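Below: the structure, in structure tokens.
Readers should treat all values here as calculations from the given coordinates under stated rules, not as data from a laboratory. Just so you know, these numbers come straight off a predicted model, no measurement behind them. Backbone-built Cβ (ideal geometry, glycine too); neighbour counts: all protein chains shown.
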Amino acid sequence: MQVRKEQLEIPGLLRIEQGQGNLTRIVITSPLASAEIYTHGAHVTRYEPAGQPPVLWMSQSSWFDPAKPIRGGVPICFPWFGPKQGDTTAPAHGFARLMEWEIESTSHSNGTVVVTLVLRTSEATRAKWPADFVAKYVVSVGAELSMQLSVQNTGQSPIRFEEALHTYLTVGDIHHITIEGLGGANYIDKMDGAKTKPQSDRLINFTGETDRVYLNTTSTCIVHDPDKKRRLEVSKSGSNATVVWNPWINKAKAMPDFGDEEWPGMVCVETVNVAQHAIELPAGLTHVMTAKVRSWPTK
Ligand code: TA6
């Protein structure tokens, strides 16, 4: 049963309102940072540390429609990533980002505001995925943004799922940034027939559409952004793979909810368990994956 709005709001720190598209939006304004979370998809759409520019990127062309995913912020991809194998009618990246999550609780401590949202098995989820689960998403907004996705198998048999916190980051210019942390890892290159290749250079540079699944990596990634004079750090736990994506010119043009000229201003560094890193979860157990995003101004 949904907890009442009045019991969830925290005067001066957290309010609940109708946001874009009349979707329910949680607005957090604390001394440390401000943020917005839509209950549609439990979708974090904004995170701004105090005195700093936005960390998360949002498309100006994003839909805010109960039947469509929001473009930008941190989509939750679950229980599959990309197209669903064997079902061309299924939504890309699973159903979690298309469903209404329930706000279970809110709290605050020393300027950090915490929101817990829940998605439970329903007829709608079973129609797409025959599993019993409870997904909990704990978002902590403070000097860093922490997002913890836990999935409990509440059924009687094992379940297998993929998951991603598909983080869109704002950058000054994709041509000028580098990403540190994945040197030496192998990656699946989705732009070259899904071939597996070594990331031989210590830093990732961008010269075209980039769509890579880095394997067997628990590393923290650092996005060096000389134009915005900052580095964005994406650290994680409970995740063994990282996706790096920029659609570049043609793919941006092909997406109606992505402005044609927006691609230079963003990069995705995604905290994932996909492909050979999909989660096999025995009955009764819970898996937890966490992503933390922090912005460090540089000289
Ligand atoms: O994470 C990269 C990716 O899988 C790309 O292949 C691209 O499809 C992107 O996700 C966006 O997917 P979406 O369904 O949100 O348009």
Taking a crude spin-label model, label points 7 Å out from Cα along the C-beta direction, the Arg202 to Asp173 distance in nm is 2.4
Rg (one decimal) and Dmax (whole number) from the Cα set of the range 165-265, in Å, equal 13.4, 36
Taking a straight Cα-to-Cα line shorter than 13 Å from Lys229, and setting aside same-chain aspartates and glutamates fewer than 8 residues away, one finds Asp173
Correct semi-axes for the chain, from √(5λ) of the alpha-carbon gyration tensor and rounded to whole Å with the largest first, are 27, 25, 18
From fewest to most C-beta neighbours within 10 Å, the residues Lys299, Lys229, Lys190 line up as Lys299, Lys229, Lys190
Non-local residues with an amide H under 5 Å from the amide H of Ala50, with H modelled 1.01 Å from N and Pro and chain starts lacking one, are Ala33, Ser34
Pairs over 24 Å Cα to Cα, from Lys68/Lys195; Lys5/Lys84; Lys5/Lys236; Lys195/Lys292; Lys190/Lys251, come to Lys68/Lys195; Lys5/Lys84; Lys5/Lys236; Lys195/Lys292
Scalar couplings 3J(HN,Hα) for the range 43-48 by Karplus 6.51 cos²θ - 1.76 cosθ + 1.60 (θ = phi - 60°), nearest whole Hz, x for Gly and Pro, are 9, 6, 10, 8, 8, 10
Residues meeting the amide H criterion for Thr24 (H placed from the backbone, H to H distance under 5 Å, 5 or more places apart or on another chain) are Gly19, Thr39, His40
In order over the range 242-259: 3J(HN,Hα) from phi, Karplus 6.51/-1.76/1.60, θ = phi - 60°, whole Hz, x for each Gly or Pro, gives 9, 9, 10, 9, 9, x, 6, 5, 5, 5, 4, 5, 7, 9, x, 9, 9, x
Projected onto the charge dipole of the range 222-299 (unit charges on the beta-carbon of Lys, Arg, Asp and Glu, signs +1, +1, -1, -1), the Cα from Ala241, Ala254, Ala278 with the largest positive-side position is that of Ala241
Mean Cβ-within-10 Å packing, highest first, puts peptides 10-20, 29-39, 169-179, 70-80 in the order 70-80, 29-39, 169-179, 10-20
Taking the reciprocal of mean 1/r across every pair of different Cα atoms in the range 1-154, the Kirkwood radius in Å is 16.0
Along principal axes, largest first, the alpha-carbon spread of the range 40-131 in whole Å comes out as 47, 30, 20
Mean separation of Cα contacts under 8 Å (at least 6 apart) over the residue count of the chain, i.e. the relative contact order in percent, is 17
Residue span Val288 to Arg4: 0.36 nm per residue of separation minus Cα-Cα distance leaves a gain in nm of 99.5 nm
About its Cα centre, the range 140-196 carries a charge dipole, from +1 on Lys and Arg Cβ atoms and -1 on Asp and Glu Cβ atoms, whose size in debye to the nearest 20 is 240
Taking Asp225, Asp201 and counting other beta carbon atoms within 10 angstrom, the fewest-first order is Asp201, Asp225
Descending packing, highest mean Cβ count within 10 Å first, for 230-240, 250-260 is 230-240, 250-260
Of Lys195, Lys84, Lys136, the most mobile residue in a GNM of the chain (C-alpha springs, cutoff 10 Å) is Lys195
Going residue by residue through the range 187-198, the Karplus relation 6.51 cos²θ - 1.76 cosθ + 1.60 with θ = phi - 60° gives ³J(HN,Hα) values, rounded to whole Hz and with x marking Gly or Pro, of 9, 8, 9, 6, 9, 9, x, 6, 5, 8, 9, x
Computed on Cα atoms, Rg of the range 115-189 relative to 2.2 N^0.38 Å comes out at 1.54
